[in-house]
1. Calculate how steeply helix A:26-48 sits against the longest principal axis of the alpha-carbon atoms of chain A, using the helix alpha-carbon long axis, and give the answer as 0 to 90 degrees to the nearest 10.
2. Compute the long axis of helix A:85-109 from its Cα atoms, compare it with the longest principal axis of the Cα atoms of chain A, and write down the angle in degrees, 0 to 90, nearest 10.
3. When Cβ neighbours within 10 Å are restricted to other protein chains, what is their mean count per residue of peptide A:45-58?
4. The range A:61-89 to the range B:203-258: how many Å between their Cα centroids?
5. What is the packing order of peptides B:213-223, A:44-54, taking the mean over residues of other C-beta atoms within 10 Å and listing the highest first?
6. If you count, for each residue, the other Cβ atoms within 10 Å and average over each peptide, how do A:26-37, B:258-269 line up from highest to lowest?
7. Could you tell me which of rounded, prolate or oblate describes chain A, using a ≥ b ≥ c as the square roots of the eigenvalues of the alpha-carbon gyration tensor, with rounded for a/c under 1.5 and, failing that, prolate when a/b is larger than b/c and oblate otherwise?
8. What does the structure give for B:104-110 when I average, per residue, the other chain Cβ atoms found within 10 Å of the residue Cβ?
Amino acid sequence: MESHIEDASEYIPETYVPKAASHGTKELWKTFYLLLFITVIDFIIYFSWPAGWPIMGRNIVFICLGIVKAFYIVGTFMHLKHEKMFMILMLILPALAFIGMLIFGLLHEGNAISTY
Amino acid sequence: MDISIFVPYFVPLKISINMSSETQVLDTQPQWAGGRSPFNVSYGKLMMWIFLLSDAFTFSCLLVAYGAIRFSYSGDLFTPWPDPSLVFNHFPFAHGLHLPLLFVSLMTFILILSSVTMVLAVEAGARNEHKTVVKYLLYTTIGGSAFLGCQAWEWSQFIGEGATLQENWFGFTTEASKKAHALGLFDHVHWDRATDRTPGPVPFASLFFIVTGFHGFHVLSGVVILIITYINAIFGTYKRRGHYEMVEKVGLYWHFVDLVWVFVFTFYYLI
């Protein structure tokens, strides 16, 4: 597998590997501390959610924090934000569409599943 | 030599073919005209992303099914879903201490840390620093194995308390039993995990084993792949190849495993 090609005749699509780009470790550690911080916030919210407040609100907070964590893991750790926009959208949009569809179905038809 | 042509979708309208052989000819070709990867990623990496997409759907289906089953238990006196912070309040070497969710937060920390060491290995691979890659691959493998060990301990604790795929002995929570006593119902029923065990919703146990088991299976296969990659890295396979693309691909898989854990632990333990 050649990672640097001199001539187009050397290009083999199945084994072509582009030159790897190094982005530095500073951003990675920043992301780690952010993930750690959000997880700590998760636990603080879990144990100190005021008694009278609706639990659905707490759950929504957890899900939103989870989505923030997901964006940072996928964007920074998996380097998706350094890829071409078409590829990013190609992966993210179907994922959001189908997972959103599943959640939507759950919310609307979920009570048809009876465990009694 | 300049040629102006009309090509639709994401391509430049003008391509210039550089006649000298020193520059990389590929940079001047239109993106979608074939013969190259339109995203400038290798075939293996793109296929790994697509596999992770499919695996994301699988885990989403599992978690949505978990949501449907879990929320069909209304949480009242007679159909209480156990409170995970009351069930999972153990810690190794701290027998009898009530430490709610501390162990699962340790597991999350271990997995996130292993994710960081993995991406540091990938970065070192991009800079072609062989020794650093090997070092961080080892740390990641150790982190993954530590997570598996923790998960095994958690399973053994839960199974030791009688949970199987068909049994769950965490019936009434302390709150429910207090309410029951206040109402004068079930005077002899209380929830003390050491002595009185009331059968609770079976899906609490079976879903725990299935969801964490499926995720743990992914961690296990990730650790196996990491060990193979580590051995390859030590033997200099990637140094000879000239690039550490394999480390990148394994890194993608490992970060996906971490991502799924974030959601599994949020949905099962926190929500």
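Here, each number is a calculation from the coordinates, and none is a lab measurement. Quantities reported herein were computed from a predicted structural model and do not represent experimental measurements. Counting neighbours? That spans all protein chains shown, and the Cβs are built from the backbone with ideal geometry, glycine included.
1. 10
2. With both axes taken from Cα atoms, the answer is about 20 degrees.
3. Working: counts 1, 9, 3, 0, 0, 0, 0, 0, 0, 0, 2, 1, 0, 2.
Average per residue, whole number: 1.
4. 19
5. Values: B:213-223: 17.5, A:44-54: 9.9.
Those peptides, ordered most packed to least, come out B:213-223, A:44-54.
6. Details: A:26-37: 14.7, B:258-269: 22.2.
Order by mean packing, descending: B:258-269, A:26-37.
7. Numbers: a/c = 4.47, a/b = 1.77, b/c = 2.53.
The shape class here is oblate.
8. Numbers: counts 1, 5, 0, 0, 5, 4, 0.
If you average over the peptide's residues, the count of other-chain Cβ atoms is 2.
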